[in-house]
Amino acid sequence: MLLDATFPVFLVKPMANTRSRRVCHLLLRFVAFAATLAAVIMMATSHERATIFTVSFEAKYTNSPAFKYFVVAFSVITVYGFLVLFLPAKSLLWRLVVALDLVFTILLVSSFSATLAIAQVGKKGNNDAGWLPICDSVPKYCDQVTRALIAGFVAMIVYIILLLHSVHTIIDPLLLGKN
Amino acid sequence: MASEDGEKVEHGLNEVPEKKPKKKDWVLLSLRVIAFLATASATIVMALNKQTKSFVVATVGSTPITATLAAKFNQTPAFVFFVIANGNASLHNLVMITMDVFGSQYDYKGLRLALIAILDMMAMALASAGDGAAAFMSELGKNGNSHARWDKICDKFETYCNRSGAALIASFVGFILLLIISVMSIIKLLKPNRINHNASP
């Protein structure tokens with residue numbers, strides 16, 4: 001009985017206003033969708049032509065399989081985020097959304113991490129492997145990739161928050177439309 | 001009156017008195033043990049991954065000049081992150097096994113299952129990030145990148161590449177097992193008699 005007073009109330013009891021909770025949830029999902037869309041667009045439109053000693057080469061996102069993985073994964077997540085935005089509030093599909101949230105968050109984290117690893121090599125090089133950094137020759141391409149990665153990072157944070165919210169929904173099953 | 005007093009439920013740290021004994025989930029426990037072994041072996045194999053080789057760099061007159069190069073895991077930030085993420089995942093698995101075997105009576109209003117589910121998901125996210133980064137970095141080392149003029153290094157350091165490939169496979173096995181464990185933990189949350197909502201204060 002004493003512990004009732006100290007138990008964190010926000011963990012199990014729902015917020016008082018259902019409508020503001022739904023608006024907050026939709027806003028978060030819209031931010032996630034916008035962030036992934038921005039990341040895809042910025043990565044896909046990143047290309048720059050450079051000439052080094054009369055050899056001209058073009059830096060595009062298709063040069064590296066990690067960047068291709070980034071574009072493909074984030075496109076899938078953008079489509080998923082777009083479809084979830086239009087799900088009605090009391091539909092039974094929200095249970096599926098809880099599972100799909102987990103899958104797509106893991107996919108997002110994996111693709112972001114892979115791209116970050118390769119982009120770090122491109123920026124700093126690797127002395128022991130004899131790999132020179134390429135960002136000096138193609139600075140605009142590097143900046144565009146950095147902007148795409150920042151958008152991807154925002155999307156990752158928001159998706160992790162949405163995943164925790166889905167777990168909270170499972171704990172308090174009244175939110176899943178049983179009432 | 002007396003019988004009702006005898007059925008008063010305690011709040012807080014101790015278990016709710018149940019009619020049947022608590023069944024231990026052997027499937028989940030064995031999956032956690034295998035996942036712990038997989039992630040721990042991935043961590044150890046990658047952390048001890050080292051190969052030293054001497055190359056002939058130039059020839060001055062008639063004596064060849066050799067340089068000794070070493071390939072270690074800490075030269076690549078992606079592999080360092082891989083070791084850290086897998087170490088974290090194996091530590092998480094170890095803590096969960098210990099909790100399951102020795103501490104199954106600690107519960108706080110049903111928050112134990114929720115905390116286990118959340119921690120499982122966090123460990124899985126970290127493991128997936130480490131796997132993704134290390135996988136693409138090893139692909140870069142194996143195939144090189146002709147557009148960026150990066151040579152492949154696996155033809156020179158074959159043992160290093162093979163060992164990191166083995167660590168990657170173990171880590172992916174551990175990640176898939178963590179996924180199954182996480183799904184099972186979340187399903188446990190959906191059971192209706194998890195929290196005693198009708199307990200009298």
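The values are calculated or read from the model by the stated rules, or taken from the named source; none is laboratory data. Just so we're clear, the structure is a prediction, and the values are computed from it rather than from any experiment. Note that we place each Cβ from the backbone using ideal geometry, even for glycine, and neighbour counts take in every protein chain shown.
Checked across region B:104-121, the condition of being within 16 Å of residue A:109 (Cβ to Cβ) and either more than 12 Å from chain A (Cβ to nearest Cβ) or out of contact with any Leu (no Cβ under 9 Å at 6 or more places or on another chain) (or both) holds for at least one residue. Taken together, B:71, B:67, B:47 contain a single residue that is in contact with a Phe, Trp or Tyr (Cβ under 8 Å, 6 or more places away or on another chain) and farther than 23 Å from residue B:138 by Cβ, which is B:67.
Where residues in region A:131-176 are within 9 Å of another protein chain (Cβ to nearest Cβ), outside any helix (DSSP H, G or I) and of a type in the set (A, V, I, L, M), which of them is nearest to residue A:48 (Cα to Cα)? Of everything passing the filter in region A:131-176, A:134 is nearest to residue A:48 (Cα to Cα).
Of all residues in region B:159-168 being without any contact (Cβ under 8 Å) to a residue 60 or more places away in the chain and not small (Gly, Ala, Ser), which is surrounded by the fewest Cβ atoms within 10 Å (Cβ to Cβ)?
Within region B:159-168, the subset without any contact (Cβ under 8 Å) to a residue 60 or more places away in the chain is B:161-162, B:165.
Now narrow it down to the ones that are not small (Gly, Ala, Ser): B:161-162.
On the way: B:161: 20, B:162: 13.
The selected residue is B:162.
Note on region A:70-104: residues that are modelled with pLDDT of 95 or more and either at the interface with chain B (Cβ under 8 Å from one of its Cβ atoms) or not in a helix (DSSP H, G or I) (or both) amount to 0. For beta carbons closer than 8 Å, sequence separation of 6+ or different chains, a first residue in region B:172-193 that is within 9 Å of another protein chain (Cβ to nearest Cβ) and in contact (Cβ under 8 Å) with a residue 60 or more places away in the chain and a second that is charged (D, E, K, R) and surrounded by fewer than 20 Cβ atoms within 10 Å (Cβ to Cβ), there are no qualifying pairs.
If I filter region B:172-188 down to residues being surrounded by fewer than 20 Cβ atoms within 10 Å (Cβ to Cβ) and closer than 15 Å to residue A:102 by Cα, which single residue comes out as modelled with the lowest pLDDT?
This residue is B:187.
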